[in-house]
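Note sheet for the following structure.
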Amino acid sequence: MTTVRSRLLPYLLLAPSVAFLAALFLVPLIQTITLSFSEDGVPSLANYTRMVSDLNFGLAVRNTFLLVLTVVPIQIVMALAMAMMLQKLPRGRDVVLWIWTIPLGISDLAAGLVWLAILQDRGYLNSALYGLGLIDGPTAWLTYETPVALFFGVLVAEVWRATAIVLVILFAGLQLIPKEYKEAAEVFGARPWTTFVRITLPLLKPSLQTALILRTVLAFEVFAVVYAIGGTNFPVLVGEAYNWQRNYQNTGVAAAYAMLIVAISLGATVVFLWALRTKPEQQA
Amino acid sequence: MADIKIDKIAKTFGNARALDEITLDIADGEFIALLGPSGCGKTTLLRIIAGLETRSAGRVIIGGRDISDTPTRARGLAMVFQNYAVFPHMTVYENVAFGLRMQKADEARIKAQVARAAELLHIEPYLERYPAKLSGGQRQRVAVARALAVEPPVLLMDEPLSNLDALLRLEMRAELKAVLREAGTTTIYVTHDQTEAMGLADRIAVMHGGRIVQIDKPTAVYSRPKTTFVGGFVGSPPMNFLPVTAASGAIDLDGLSLAAPRPEGNLLAGIRAEDFALSHSGEGLAFDVMVAEPLGSHTLLTGRSHGQMLRVVAPPNGDYPADTRLGLKPDPNRIVWMDAASGEALRQETAA
Ligand SMILES: Nc1ncnc2c1ncn2[C@@H]1O[C@H](COP(=O)(O)OP(=O)(O)OP(=O)(O)O)[C@@H](O)[C@H]1O
Ligand SMILES: [Mg+2]
């Protein structure tokens with residue numbers, strides 16, 4: 001009697017959240033899937049054909065991947081370095097961590113606007129460069145004709161905005177590693193860099209995995225920052241979905257974009273889950 | 001040459017004094033056991049020697065070189081950690097090989113050294129396993145093997161056999177001693193098992209409350225303790241301390257007269273349990289048996305003499321029912337006289 005109940009109890013306790021998720025996630029997901037694969041109520045691939053043949057599609061895919069493939073590695077490396085430095089601080093860690101995580105509290109649209117104020121024609125950067133005599137007058141960087149500058153603008157804003165979440169995850173992970181492992185490595189002659197590569201990084205793998213999955217999935221959904229800074233000059237996937245829904249009133253193609261993003265995110269998650277798996281016997 | 005000079009090392013954690021001016025000279029190739037109760041600062045001292053803990057004062061000199069500010073990796077030592085610190089993400093083989101890899105040893109040497117260390121500690125069957133799949137005692141042996149594999153000039157071991165069963169511990173103890181002697185490794189071995197310290201060490205340093213209270217050969221620490229703490233901590237059973245009073249240069253124990261080391265005053269007579277001669281006719285110090293524990297090689301009697309608890313070793317085959325009254329005659333040459341107030345041994349007259 002008690003065993004049956006104790007075996008069912010976990011499921012009972014999980015049931016409300018599962019139901020909640022099903023209602024608010026699974027149902028819309030299925031709706032989106034059906035929507036993307038139908039035209040006027042008939043099953044069809046028309047939405048996908050239209051999506052792929054659109055002029056902006058290739059650009060959006062390229063831009064999104066370019067952003068993810070640069071932003072995420074930069075963020076991981078920076079967050080790792082920051083977390084390691086933070087750990088070395090004898091005191092005041094909390095204060096530094098707190099300051100570093102301030103951008104987390106700012107919405108992505110607001111963050112985009114902040115960087116727009118810095119980077120636009122009459123922004124702070126232009127004024128500063130002009131003041132230093134490095135440029136002759138206000139220069140436009142965020143236009144269709146200056147894709148490289150625009151890309152770097154978006155890149156800097158994204159790195160500024162979202163590195164802290166990686167930092168928080170990695171710093172928490174670092175603090176879970178008992179210091180004896182590092183000490184043992186040191187005793188047996190490992191230099192700091194060797195200790196980092198051979199001991200710290202492997203033991204940090206679970207946290208790295210979490211951070212990578214979270215950041216990559218979110219990076220594929222990049223939108224507000226890009227639109228604040230570049231408007232439609234820098235097409236990205238979520239932006240195109242928004243465009244098709246809002247401006248062209250075509251929910252079917254928007255749903256196709258949404259499905260594409262889901263597929264890419266799932267793919268990235270599976271890759272990280274596999275590539276950074278920790279065998280149970282190797283767990284600390 | 002890897003002699004170690006520990007010069008007035010002190011350590012405070014906040015306001016708490018963990019080490020109080022420790023000074024210790026260890027000869028090249030010597031095996032020193034650090035023996036002391038939990039919390040007396042043994043691990044702290046080892047960590048300072050290894051450079052893992054900052055010292056508050058003092059110097060550490062190894063082989064004539066002041067290494068007080070040398071980074072850990074350049075100190076030329078190996079260590080067995082109290083909580084093993086075996087790397088969880090490496091196989092046992094890679095764990096044992098770690099130090100050699102850091103020294104960029106070639107593969108053949110690594111293989112040979114790992115095999116040797118693994119054989120010594122009986123961990124060959126587990127070389128391909130990960131530490132999570134080992135028992136505590138097996139993991140501990142991996143930690144010892146990892147330290148031995150590098151053949152360090154100085155080896156620091158923090159209770160390296162604490163998790164092994166009695167038989168294995170006895171065996172490992174003997175093998176460790178032989179290997180380290182052959183290699184001429186200068187060893188500091190932390191333990192709170194006094195039989196282990198007695199069996200292994202060239203000298204024992206007994207620590208208490210952040211100080212070394214006595215450092216001497218095992219037999220000397222055992223039979224000539226400098227304080228009541230050492231007498232009570234080293235040896236099982238602990239030393240008996242009999243309160244006596246000297247009058248006109250003699251001490252009277254129920255009619256048995258002993259020459260006193262001082263003409264007058266209160267003293268403690270430190271007497272080991274095996275240093276009593278038993279008399280069934282009741283001659284000597286009156287002793288009432290309370291409990292007799294037959295231990296095979298001898299029988300351990302616990303009882304009272306004038307209200308004072310004493311432990312006495314008796315021959316193995318005797319029968320000692322409770323309340324038997326016996327007479328005890330301590331061996332006068334083996335009595336350690338201590339000052340009753342300070343608990344410190346009086347300066348020893350040369351034993352006959
Ligand atoms: N990091 C620390 N911060 C504050 N106090 C500490 C720290 N490490 C040790 N101590 C204190 O220093 C004293 C000595 O500790 P240590 O670990 O050296 O004892 P030990 O002799 O190794 O004991 P055990 O036999 O239980 O391992 C203890 O009182 C302990 O509470
Ligand atoms: Mg300790």
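The values are calculated or read from the model by the stated rules, or taken from the named source; none is laboratory data. The structure presented is a predicted model; accordingly, all values stated were derived computationally and were not measured. Neighbour counts run over all protein chains shown; Cβ positions are idealised from the backbone, glycine included. Surface areas here come from the heavy atoms of the whole protein model, side chains and all, with no ligands, DNA or RNA. Shrake-Rupley method; radii C 1.70, N 1.55, O 1.52, S 1.80 Å.
Give the residues of the range B:232-263 that are in contact with a helix residue (DSSP H, G or I) (Cβ under 9 Å, 6 or more places away or on another chain) and small (Gly, Ala, Ser), sorted by residue number. Listed by number, the residues that qualify are B:Gly235, B:Ser236, B:Ala259. Selection of the range A:220-270 for residues being over 20 Å from A:Trp115 (Cβ atoms), among the β-branched types (Val, Ile, Thr) and crowded, with 21+ Cβ neighbours inside 10 Å yields only A:Val253.
Residue by residue, here is whether (1) in contact with a His (Cβ under 8 Å, 6 or more places away or on another chain); (2) at pLDDT 90 or above; (3) more than 21 Å from B:Val336 (Cα to Cα) holds:
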site: B:Leu256; (1), (2), (3): no, no, no
site: B:Pro261; (1), (2), (3): no, no, no
site: B:Ala269; (1), (2), (3): no, yes, no
site: B:Val291; (1), (2), (3): no, yes, yes
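Looking at B:Leu100, B:Leu156, just one residue is among the hydrophobic types (A, V, I, L, M, F, W, C) and free of Cβ contacts under 8 Å to residues at least 60 places away in the same chain, and that residue is B:Leu100. Has the range A:276-284 got at least one residue that is open to solvent by 10 Å² or more (accessible area, probe 1.4 Å), farther than 30 Å from A:Gly41 by Cβ, among the small types (Gly, Ala, Ser) and in contact (Cβ under 8 Å) with a residue 60 or more places away in the chain? Within the range A:276-284, one or more residues are open to solvent by 10 Å² or more (accessible area, probe 1.4 Å), farther than 30 Å from A:Gly41 by Cβ, among the small types (Gly, Ala, Ser) and in contact (Cβ under 8 Å) with a residue 60 or more places away in the chain. There is at least one residue in the range B:51-73 that is within 16 Å of ligand 1 (Cβ to nearest atom), more than 11 Å from chain A (Cβ to nearest Cβ) and crowded, with 20+ Cβ neighbours inside 10 Å. Looking across the range B:7-32, the residues that are within 23 Å of B:Leu155 (Cβ to Cβ) and away from ligand 1 (no atom under 13 Å from the Cβ) come down to B:Asp7, B:Thr23, B:Leu24, B:Asp25, B:Ile26, B:Ala27, B:Asp28, B:Gly29, B:Glu30, B:Phe31, B:Ile32. I'm checking my understanding of the structure. Among residues of the range B:130-170 that are acidic (Asp, Glu) and in contact with a strand residue (DSSP E or B) (Cβ under 8 Å, 6 or more places away or on another chain), which one is nearest to the other protein chains (Cβ to nearest Cβ)? Checking each candidate, the answer is B:Asp158.
Scanning the range B:298-330 for residues that are of a type in the set (S, T, N, Q) and touching a Pro at 6+ places or on another chain (Cβ under 6 Å) yields a total of 1. Between A:Leu167, A:Leu203, the distinction of being modelled with pLDDT of 90 or more, within 14 Å of chain B (Cβ to nearest Cβ) and buried (at least 20 other Cβ atoms within 10 Å of the Cβ) belongs to A:Leu203 only. Annotation note: of B:Arg55, B:Arg101, the sole residue that is in contact with a helix residue (DSSP H, G or I) (Cβ under 9 Å, 6 or more places away or on another chain), assigned by TED's automatic domain parsing to the domain that holds B:Gly137 and part of a helix (DSSP H, G or I) is B:Arg101.
Note on the range B:156-205: residues that are within 15 Å of ligand 2 (Cβ to nearest atom) and open to solvent by less than 10 Å² (accessible area, probe 1.4 Å) amount to 12.
When A:Val4 is tested against the conditions (1) under 16 Å from A:Met259 (Cα atoms); (2) open to solvent by less than 80 Å² (accessible area, probe 1.4 Å), the lone failure is (1).
Screening A:Tyr257 with (1) without any contact (Cβ under 8 Å) to a residue 40 or more places away in the chain; (2) within 18 Å of A:Ser36 (Cα to Cα) gives one miss only, at (1). Could you list, in sequence order, the residues of the range B:74-93 that are touching a residue at least 12 places away in the same chain (Cβ under 8 Å) and either within 16 Å of ligand 2 (Cβ to nearest atom) or not in a loop (DSSP other than H, G, I, E, B) (or both)? Listed by number, the residues that qualify are B:Leu77, B:Ala78, B:Met79, B:Val80, B:Phe81, B:Gln82, B:Tyr84, B:Ala85, B:Val92, B:Tyr93. Scanning the range B:104-116 for residues that are open to solvent by 10 Å² or more (accessible area, probe 1.4 Å) and under 18 Å from B:Val80 (Cα atoms) yields B:Gln113, B:Arg116. Only strands (runs of 3 or more DSSP E) whose full extent lies in the range B:135-238 are considered here, and none of them has at least 3 residues that are not assigned by TED's automatic domain parsing to the domain that holds B:Ile49.
Identify all residues within the range B:126-155 that are among the polar types (S, T, N, Q) and either away from ligand 2 (no atom under 16 Å from the Cβ) or surrounded by fewer than 24 Cβ atoms within 10 Å (Cβ to Cβ) (or both); write none if there are none. Correct list: B:Ser135, B:Gln138.
Within the range B:36-45, can one find any residue that is surrounded by fewer than 23 Cβ atoms within 10 Å (Cβ to Cβ), more than 16 Å from ligand 1 (Cβ to nearest atom) and of a type in the set (Val, Ile, Thr)? No. Within the range B:90-101, being open to solvent by 30 Å² or more (accessible area, probe 1.4 Å) and either touching a strand residue (DSSP E or B) at 6+ places or on another chain (Cβ under 7 Å) or within 13 Å of chain A (Cβ to nearest Cβ) (or both) holds for B:Glu94, B:Arg101. Evaluation of B:Ala174 against the conditions (1) farther than 30 Å from B:Thr227 by Cβ; (2) within 14 Å of chain A (Cβ to nearest Cβ) shows that the sole unmet condition is (2).
Residues in the range A:170-200 that are more than 14 Å from every other protein chain (Cβ to nearest Cβ) and farther than 22 Å from A:Ala275 by Cα: A:Gln175 only. Here the condition is being touching a helix residue (DSSP H, G or I) at 6+ places or on another chain (Cβ under 6 Å) and either on the phi < 0 side of the Ramachandran plot or modelled with pLDDT under 90 (or both); of B:Ala178, B:Ala205, B:Ala174, B:Ala149, it holds for B:Ala149 alone.
When the range B:22-32 is examined, which residues are found to be crowded, with 16+ Cβ neighbours inside 10 Å and away from ligand 2 (no atom under 16 Å from the Cβ)? Across the range B:22-32, the qualifying residues are B:Leu24, B:Ile26, B:Gly29, B:Glu30, B:Phe31.
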